[in-house]
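The values are calculated or read from the model by the stated rules, or taken from the named source; none is laboratory data. Computed from a predicted structure; not experimentally measured. Backbone-built Cβ (ideal geometry, glycine too); neighbour counts: all protein chains shown. Heavy atoms of the whole protein, side chains included, go into the accessibility calculation; ligands, DNA and RNA do not. Shrake-Rupley method; radii C 1.70, N 1.55, O 1.52, S 1.80 Å.
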Amino acid sequence: MDKGFWLLLERSSMFSKLYTIALLGVEGCPVCVEADVSDGLPQITMVGTLGAQVREARDRVWTAIKNLGLRLPAKRITINLSPADIRKEGTAFDLPIAAAILISFGYLPEAFFQGTFLAGELSLNGELCRTNGILPMAFSAYKNGIKRCIIPKANKKEGTMVQGMEVMGIGSLKELLEAADGQGVWESGELYEPEVQNGVPGLNFSEVHGQQAAKRAMEIAAAGMHNVLMIGPPGSGKTMLAKRIPGILPELLSGERMEISKIYSVAGLLDTEEGLIKERPFRAPHHTITPTALVGGGRIPKPGEISLAEYGVLFLDELTEFHKDTIEMLRQPLEEHEVMISRVNGNCKYPADFILAAAMNPCACGYYPDRSVCTCTQRQIHKYLDKLSRPFLDRIDLCVETEPIRYSQLSSGKREEDSAAIRRRVEKARRIQRERYAGETFYCNGELTPQMMDRYICLGEKEQNYLEKIFRQLSLSARAYHKIVKTARTIADLEGSGEITTVHLSEAVCYRSLDHKFWNQ
Amino acid sequence: MEEKEYRLWFCSLHKIQLSKKKKLMGYFQKAERIFKAGRKELAQLRILTEEETDFLCSMQEEGAVMQAEKRRKEAGAFFCIPGEREYPYLLSEIADPPFGIFYKGRLPSTETVTIAMVGARACSNYGKEMAYFFARELAKSEVQIVSGLARGIDGFSHGGALYAKGKTYAVLGCGIDVVYPPEHDRMYREILEEGGILTEYPFGMPPYRWNFPPRNRVISGLSNGVFVVEARGKSGSLITADFALEQGRDVFALPGRAGDPLSLGTNQLIKQGAVLADKPEDILEFYQISPKKRNGKKDLLLETQEEMVYANLGLEEKHFNRLVQETGMGTGDLMEILLRLSEKGIVGQTGQYFHKILPKEP
């Protein structure tokens, strides 16, 4: 007769309870795992709105316990995951279910798990595998007052990213039993100290020759979180420019790093050795991407590219080649800065606060308006541009054309401005904006709605008249008007000027988005 | 019934190609005889396919002649045949003049010089500005401008002439009641005010690709000289120039930069002996027309900075970046000046490319 059997006889209660976390998007919700052992046919029943992956846990747990060398008496085991009305997905429930069963049979003391949550995927031999989403679980557990966690060793670093959390990383179920005997080590989450970085990570703007207008547009986009569209012939440096935007964005705040890391943890892309994500994301999905992969979702919802670009840049190269539906899906996230995925079993929300940088050719052959190369007819050009819908273009504040690079620019040897210098201006402009919008839900000019604009931006009489003149001269739309004023505000902020002057407005006009008159000859 | 009515009937037969009609006319000489020709005779000629012969025979009835006349009246078009007073004299001189012309408005008169202006549809800004400028200046000196109503150079030539309130004529490669390209609908109506639209194709004929080379021979045939504004190495405009030479017309060409693909054709023409025309006076003097005095160089009254930016612009598009480099000004300041210049109507913009517009003095 083994130990478990005698324990079982001694125990009055065969019921156990412990905690884990279920993820909905990047937010976690504490879930109680209950196990009960009673007489009856030997089987495991699991209830509580379980997804397929969670139901599979039964077989993994059963086999893992068997391979641990423990023999479970022939009893009927009932597992309940409550609250029962939340859909549970993912493989992180293996460990808490196994632990709950072991407690019920008396192999583990229930007191040991007081105020602790468990999460992790089991393999058949009892080892714990790396599991996605540990960071957001630990984060929301801590917020809900659960201050200890037992997680797979491979994810230990994610647990310690949460300040104040006591973390135990275990490699297998066996180690869990040993830990309950007092052999485990609790590590505490450290306060994350932002490391001071010298210089700009990655790619530098000093490598881009020429393209002053485009570079300036990137700077404005970075300063005010404006979406930007680049139009130009092949090989004129559109991709090169976009890749350098993260380098001129301000250093990430620790809250932002946590947010990004949570999303990456859910997606299983967090490098657990590296700790929190340090650099702003740059995501450049290929144009064959499906709508679901772009905005997130799927049967078991996962964050899409737009969420993975949180606080960074989403770059869509060859914008016109994307499927029209895919592009249209971006409209709501661009406005709301988050994406809500609704399924029968519930909603989940993923953040999506990013700068959209898009690049496209001016026509099918790519060389318009250089008529010595381009032989597209006006109709073909219009047809090409019509692939983009008005509502989508309305969400893009800056539009810039890149010109073909001439040899003299490449060979001039002229020193181009460094990313670090641009970044300093951007950071200054961001500070000004943060002060201005203190107490609001947004923090950048790019997010201003027309209603908010009236509150925060006022133009002088001279500027009003000037804008009116331009408005008539270029026959602009109301949307274009708002975009110009928003952009002008950012340009003024970059200069540290409180007032918007006619010079700022003029420059904003230069980057006005594609309008109907854009290609008229 | 008169020959003219039969001719109208014959020209309105839309199922028979122009080249076959020409052969039929060559054989029968008169449309009346075609109308009365027997099926056997037509079959012996082996000009028409069986299907076409059936069609022609089915049309050989009085009703069809009336129908053609009715359709003409409904369209508000006129019809004229060689030998009539309205029929353009210059056109009747060529080897194969159209044996019937549908027209609206007027036909070119013989009293003043007529110049055909032709060029690329996908033209550069240089070509566009020059076409407009030349047409305007020539029209001011009462030269009649003939072109093809197509996109690009054709359109700008008509536009320039219309701006000067001159006479301009469009020769179509489709039926007189078909407006092609559709965006020239307004221009179509404006041309009718002083000038005219003409074609040899029947009503409702779509603008088939193969209609255009025969159309080009009419363009050159109507004119004293053909002015090629912009042409690629292989271009329809060069076909027009070839027709002009065959018909003994003068050929003028606007020079372009060496190596510019859009001027390859025109430079080639100059090499072969075409008259180089880099200002409207070159054409006017060729026909001993004393050019109207242009009111000298109009002072644009520009400020120093505006002057500097304007001086950096040309008829070719220039990207904003290059202007930033060349003027050394800030983006905001430069854009402010460019906006001021475009308000004055002397600078144009395509996306972020800017170019000069030749001053539009009346």
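Observations on the structure shown:
- Over the protein assembly as shown: helical MRE at 222 nm, DSSP H runs n ≥ 4 each giving -39500 (n - 2.57), nearest 500: -11500 deg cm²/dmol
- Above 16 Å, the calculated P(r) of region A:53-145 contains 58 percent of its Cα-Cα pairs.
- For B:Ala150, distant residues with modelled amide H under 5 Å away: B:Gly155
- When the Gaussian network model of chain B links Cα atoms closer than 10 Å, the mean-square fluctuations of B:Ser263, B:Ser147, B:Ser109 top out at B:Ser109.
- A Förster radius of 25 Å combined with the Cβ-Cβ distance from A:Thr45 to A:Gln183 puts the calculated FRET efficiency at roughly 0.15.
- A:Phe354, A:Phe471, ranked by accessible area, largest first (probe 1.4 Å): A:Phe471, A:Phe354
- Helix A:134-143 vs. chain A, principal-axis angle (Cα, 0 to 90°, nearest 10): 80
- Estimated dipole of region B:225-338 in Debye, rounded to 20 [Cβ of Lys and Arg +1, of Asp and Glu -1, Cα centre]: 420
- Each residue of region A:498-512 was assigned a 3J(HN,Hα) from its phi angle through the Karplus curve 6.51 cos²θ - 1.76 cosθ + 1.60 (θ = phi - 60°); the sequence is x, 9, 8, 9, 5, 5, 4, 4, 4, 5, 4, 4, 4, 9, 5 Hz, with glycine and proline shown as x.
- Under 5 Å, built H, 5+ apart or other chain: amide partners of B:Gly195: B:Thr168
- Exposure rank, largest accessible area first [B:Glu74, A:Glu336; 1.4 Å]: B:Glu74, A:Glu336
- Shielding value for A:373-382 is 3, the average number of Cβ atoms from other chains within 10 Å of each residue's Cβ.
- With 20 Å bins beginning at zero, the pair-distance distribution over Cα atoms of the protein assembly as shown amounts to 13, 30, 25, 18, 11, 3, 0 %.
- Long-range Cα-Cα pairs in region B:3-75 (distance over 21 Å), rounded percent: 18
- Taking amide H positions as modeled 1.01 Å from N, with prolines and chain starts lacking one, the residues under 5 Å from B:Phe252 and 5 or more places away or on another chain are B:Val226, B:Phe227, B:Val228, B:Val275.
- Counts of other chain beta carbons within 10 angstrom of each beta carbon in peptide B:326-336 average 5.
- Using C-alpha pairs under 8 Å with a sequence gap of at least 6, the mean separation divided by the residue count of chain A gives a relative contact order of 13 percent.
- Ranked by the mean number of other Cβ atoms within 10 Å per residue, highest first, peptides B:272-283, A:175-186 order as B:272-283, A:175-186.
- For region B:160-268, radius of gyration divided by Kirkwood radius, i.e. Rg to Rh on alpha-carbons: 0.99
- Nearest-0.05 FRET efficiency for A:Gln464 and A:Ser82, computed from C-beta distance (R0 56 Å): 0.35
- Straight-line cross-link reach from A:Lys278 at under 16 Å between alpha-carbon atoms covers these lysines, not counting any fewer than eight positions away in the same chain: A:Lys157, A:Lys262.
- Against chain B, whose longest principal axis comes from its Cα atoms, helix B:125-140 is set at around 70 degrees.
- Sequence-distant lysines (8 or more away, or on other chains) whose Cα lies within less than 26 Å of B:Lys70: B:Lys4, B:Lys15, B:Lys20, B:Lys21, B:Lys22, B:Lys30, B:Lys36, B:Lys104
- Tilt relative to chain A, helix A:461-473 - C-alpha long axis, 0 to 90 degrees, to 10: 80
- Just the protein heavy atoms count here, and of the accessible area of the protein assembly as shown at 1.4 Å, carbon and sulfur take up 50 percent.
- What you get for the protein assembly as shown, charging only the Cβ of Lys and Arg (+1) and of Asp and Glu (-1), is a dipole of about 1620 debye around the Cα centre.
- In sequence order, region B:277-282 has phi-based couplings of 10, 9, 8, x, 4, 4 Hz under the Karplus curve 6.51 cos²θ - 1.76 cosθ + 1.60, θ = phi - 60°, and Gly or Pro positions carry x.
- 25 Å Cα cut-off, lysine pairs counted over region B:114-286 (separation 8 or more, or different chains): 14
- All aspartates and glutamates inside 13 Å of A:Lys143 as judged from Cα atoms, apart from same-chain residues fewer than 8 positions distant: A:Glu27
- Pairwise Cα inverse-distance average, inverted: Kirkwood Rh of region A:3-188 (Å): 16.1
- In Å, descending, principal axis extents of the Cα set of region A:205-441: 58, 41, 37
- Karplus (6.51, -1.76, 1.60) ³J(HN,Hα), θ = phi - 60°, over region A:353-368, in Hz, Gly and Pro reported as x: 10, 9, 9, 8, 10, 10, 9, 8, 8, x, 7, 4, 7, x, 10, 4
- Coil-residue trypsin sites (Lys or Arg not before Pro) of region A:369-420, DSSP, other Cβ within 10 Å capped at 10: A:Lys414, A:Arg415
- Cα shape, region B:304-356, gyration tensor, a/c 1.5 rule: rounded
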